[in-house]
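J.: What follows is a structure written as structure tokens; I'll ask about it next.
The values are calculated or read from the model by the stated rules, or taken from the named source; none is laboratory data. The structure displayed is predicted, hence computed values, not measured ones. Please note: Cβ atoms are built from the backbone with ideal geometry, for glycine as well, and neighbour counts cover all protein chains shown. For the accessible areas, the whole protein counts, side chains as well, though only heavy atoms, and no ligand, DNA or RNA atoms are used. Shrake-Rupley method; radii C 1.70, N 1.55, O 1.52, S 1.80 Å.
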Amino acid sequence: MNFATGAFQSVLAELVLLNAVFLAMPSLSRPTMPMGVSVPGERIDEPVIQSTATRFRIVVGCIGLASVGLAALLAVVSEDATRIAPPIVFVASAVVVFIVLRRRIVRAKQEGDWFKEARIRMVASAAGRDISRPRVRLWPYLVSYAVVAVTGLVGWFSYGSLPEEIPVVWNEAGLSVEYAPKTLGAAFANVWSSAIATTGLLVLAYAARFVPRRVHPHDAKSQARFRADQQHQLGQSLFGTIALLTAVLGSVLSLSGWADPEQPLPLVPVTIAFFTCFGVVVAYQLVTYLVQMRSIRRDYLDGEPFTDEPDTDRYWYGGLLYLNPNDPAWFVTRRVGIGWAINFGNPAMVITLGVAILAIIVFNTLPSITR
């Protein structure tokens, strides 16, 4: 049997990125939400909280190594299984471990009645909303468009030298398996895709400006807005990073194909380079964010005034899924990680989500129905 080297290398890069994200999960939670469990501010340094986060990271590291071993075994059996199974096994296992381990904190909180003496703010002020419209950093998108434009000019001047049959589909080794007559659409497919992806990400970046950012009232007063600003900037940075790397990826593949259409495209090394660069950038941004968030933790330890959120653990299943019919909000701040979680207890949100999923299914099946 042959070893699927390309598939293994690709999934290895994916597993490294996933492992880094899950290892960072405990540190991405707010100080009063360790492992997604609501605790009073004066309890954030309980030994059970620290030990649970440590255990989670150790187990996740072991799961990551086991997933790499699984990928190596599958690489001699099935290329498709190598690509699909290890990431799914890793994510599913890590989520299960997270849900199981966080129960240690839940039990300690219940047994010690941690919220008995806590200062609780009024429920009516649960969501302080920030109506400011932060600025979008345009330079990653401008650079992406510049890369696409330069690549397009190179392709335009070399268009006449291309063969009459253009490769449009490639296998794992980068060898073309399907051809199409030479047209601007076929020759510039990667260029069009990069331009569309950059535009879509730019639209998302501007749309994110209008998503209300909840300022957490339980944060120290001097830091209440700082966390929301930093999370927004982190999201904007990720949008820009993906746009820039996608443009470079499309450019490299286009230029390689135009230089010698008969030679295989460097799909594997380019894909590995893409995930490696993305992983390095994400790791840098996460580390920067965590360093900045240390100031919030110091405010807790220095005793700066703050008020705790009411204990709403009963509405969070596993600390990941939010279902609260009494909350009119469609989206709420995640307890674990950065971003927003859907309120599945809101009927309007559930109906809207169902309609959106149905529309996607119909849109994707309509062409096959009409043929």
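J.: For the stretch 196-229, give me the residue count where each residue is at pLDDT 70 or above, of a type in the set (A, V, I, L, M) and surrounded by fewer than 20 Cβ atoms within 10 Å (Cβ to Cβ).
T.: As a first pass, look at the stretch 196-229 and keep what is at pLDDT 70 or above: 196-210, 226, 229.
Narrowing further to those that are of a type in the set (A, V, I, L, M): 196-197, 201-205, 207-208.
Subset that is surrounded by fewer than 20 Cβ atoms within 10 Å (Cβ to Cβ): 196-197, 203-204, 207-208.
Total meeting the criteria: 6.
J.: Now for a separate question. Mind counting the residues in the stretch 233-279 that are open to solvent by less than 40 Å² (accessible area, probe 1.4 Å), under 30 Å from Arg135 (Cα atoms) and at pLDDT 80 or above?
T.: Here the count works out to 10.
J.: Please indicate, with yes or no, whether at least one residue in the stretch 139-159 is modelled with pLDDT under 85, open to solvent by 80 Å² or more (accessible area, probe 1.4 Å) and in a helix (DSSP H, G or I).
T.: no
J.: Residue under question is Asp313, and the condition is that it be at pLDDT 75 or above and among the charged types (D, E, K, R); does it hold?
T.: In short, yes.
J.: Tell me yes or no: at least one residue of the stretch 107-120 is modelled with pLDDT of 85 or more, open to solvent by 30 Å² or more (accessible area, probe 1.4 Å) and of a type in the set (Phe, Trp, Tyr).
T.: no
J.: For Val282, all conditions in the list (1) assigned to a loop (DSSP other than H, G, I, E, B); (2) within 30 Å of Asn190 (Cα to Cα); (3) at pLDDT 75 or above hold save one; what is the number of the exception?
T.: With (1) assigned to a loop (DSSP other than H, G, I, E, B); (2) within 30 Å of Asn190 (Cα to Cα); (3) at pLDDT 75 or above applied to Val282, the lone miss is (1).
J.: Are there any pairs, at least 6 apart or on different chains, whose C-beta atoms fall under 7 Å, with the first in the stretch 80-104 and under 14 Å from Val68 (Cβ atoms) and the second open to solvent by 60 Å² or more (accessible area, probe 1.4 Å) and not polar (S, T, N, Q), and if so, which?
T.: Close Cβ pairs satisfying both conditions: Pro87/Glu14.
J.: A follow-up question, please. Given Val11, Val21, which one is surrounded by 20 or more Cβ atoms within 10 Å (Cβ to Cβ), among the β-branched types (Val, Ile, Thr) and touching a residue at least 40 places away in the same chain (Cβ under 8 Å)?
T.: Criteria check complete, one pass: Val11.
J.: Related question: For the stretch 73-91, what are the residues that are within 24 Å of Leu23 (Cα to Cα) and open to solvent by 80 Å² or more (accessible area, probe 1.4 Å)? Break it down into steps so the answer makes sense when it comes.
T.: Pass one, the stretch 73-91, residues within 24 Å of Leu23 (Cα to Cα): 82-91.
Listed by number, the residues that qualify are Arg83, Ile84, Ile88.
J.: Residues being farther than 20 Å from Leu267 by Cα and open to solvent by 70 Å² or more (accessible area, probe 1.4 Å): count how many of those fall in the stretch 166-195.
T.: Residues that pass the stated criteria total 2.
J.: Give the residues of the stretch 316-335 that are part of a loop (DSSP other than H, G, I, E, B), at pLDDT 80 or above and buried (at least 19 other Cβ atoms within 10 Å of the Cβ), sorted by residue number.
T.: The answer is Gly319, and nothing else.
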